[in-house]
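These notes concern the structure reproduced below.
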Amino acid sequence: MTVTREEKATRDGAVTEAAGLARLVDFIEPELDLEDVVLEVGAGTGRISRAIAGRVRHVTALDRSWEALRRGKREADQDAIMNVTFARGDAADLSFADRSFTLLISRFGLHREEDPATVLRELVRVSRPGAGLVIADLVLDAELGGEPDRLLRLRDPGHRALLGAERIAELITEAGADVRRAERFDLIRPVDAWLADAPAEAAERIRAELRAELDGGPATGLRPVLSADELCVTLPVAHLGAVAS
């Protein structure tokens, strides 16, 4: 199917996964200091932790998955990155003392949390006064319609629910930090790569609904487009920067 003018504009205005990662590093950059003690929660393999390690004193990359952490440690060792500690833990119940960190980061984690408000309160609790807090996440765009949460859960059973960017900002404020800046953009992901780890049956169901939307069927909330004849989804992302009180 030919991409419509509106779909082409959406595609051309979106960024790839690699560009999205670089964009977050750029967003974090004003917060970085060579004396920073950083905590990244929901870190996975610690891609952000490793990307900023050379600009700070120390980073703790925290995640629930030992497999992801082991992979991140191997990659850090290969790159001779010595100031990142990979630790298993729960972002909703941090084992760190109050006021332990000067920069806190969460990337694509809140939508997988049962209680995002608790996670944000924990991040503020372990923040020193004046610490930077950077939250990056997929966000809900109600204007798109559809049931994106249903499809995202099919892809990843750990997905809970998307929040709007405004709601995330409210939760940050309620947790005790002052939101100072924000940006919103679209992330485009080729469907084959995006569904690589999804159960096979679920992946086929998602592909079928995305193709149906392209053919004029119901909205999915994931804005499928064809880019160079490759089926892609377009995911709204928000970055929010705050300062702990």
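Length available on full extension from Gln78 to Glu35: 0.36 nm per residue minus the Cα-Cα distance, which gives 13.1 nm. Per residue, the accessible area of the chain comes to 48 Å² when a 1.4 Å probe rolls over the protein heavy atoms.
Taking amide H atoms as placed 1.01 Å from N in the peptide plane, the amide H of Thr60 lies under 5 Å from those of Val38, Leu39, Glu40, Thr85, each 5 or more residues away in sequence or on another chain. For the pair the range 129-146 / the range 52-117, the C-alpha centres are spaced 19 Å from each other.
Here r is the Cβ-Cβ distance between Arg207 and Glu143 and R0 is 25 Å; the resulting FRET efficiency, rounded to 0.05, is 0.55.
Taking Cβ atoms as reference points and 11 Å as the exclusive limit, the residues near Leu94 contribute a net charge of -2, counting Lys and Arg as +1 and Asp and Glu as -1.
Annotation: extensible slack from Glu170 through Asp115 equals 18.4 nm (criterion: 0.36 nm per residue apart, minus Cα-Cα distance). The apolar share of the surface of the chain, taken as the fraction of accessible area on carbon and sulfur atoms (1.4 Å probe, ligands and nucleic acids excluded), comes to 48 percent. How would the range 181-225 be classified by its alpha-carbon gyration tensor: rounded, prolate or oblate, with rounded meaning a/c under 1.5 and the a/b versus b/c comparison settling the rest? It is oblate, given that a/c is not under 1.5 and a/b is not larger than b/c. Proximity of backbone amide H atoms, modeled 1.01 Å from N, is registered between Ala131 and Ala244 at under 5 Å, excluding neighbours fewer than 5 places apart on the same chain. Once the Cβ-Cβ distance of Ala97 and Arg150 is raised to the sixth power relative to R0 = 45 Å, the FRET efficiency obtained is 0.65.
With the simple spin-label model, which puts each label point 7 Å out from Cα in the Cβ direction, the Thr16 to Ser65 separation comes to 2.2 nm.
Please compute the net charge surrounding Pro129, taking Lys and Arg as +1 and Asp and Glu as -1 over other residues with Cβ under 14 Å from its Cβ.
Computed value for this residue: +1.
The values are calculated or read from the model by the stated rules, or taken from the named source; none is laboratory data. Here the structure is a predicted model, which means the values were calculated and not measured. Reconstructed Cβ throughout: ideal geometry from the backbone, glycine too, with neighbour counts over all protein chains shown. For the accessible areas, the whole protein counts, side chains as well, though only heavy atoms, and no ligand, DNA or RNA atoms are used. Shrake-Rupley method; radii C 1.70, N 1.55, O 1.52, S 1.80 Å.
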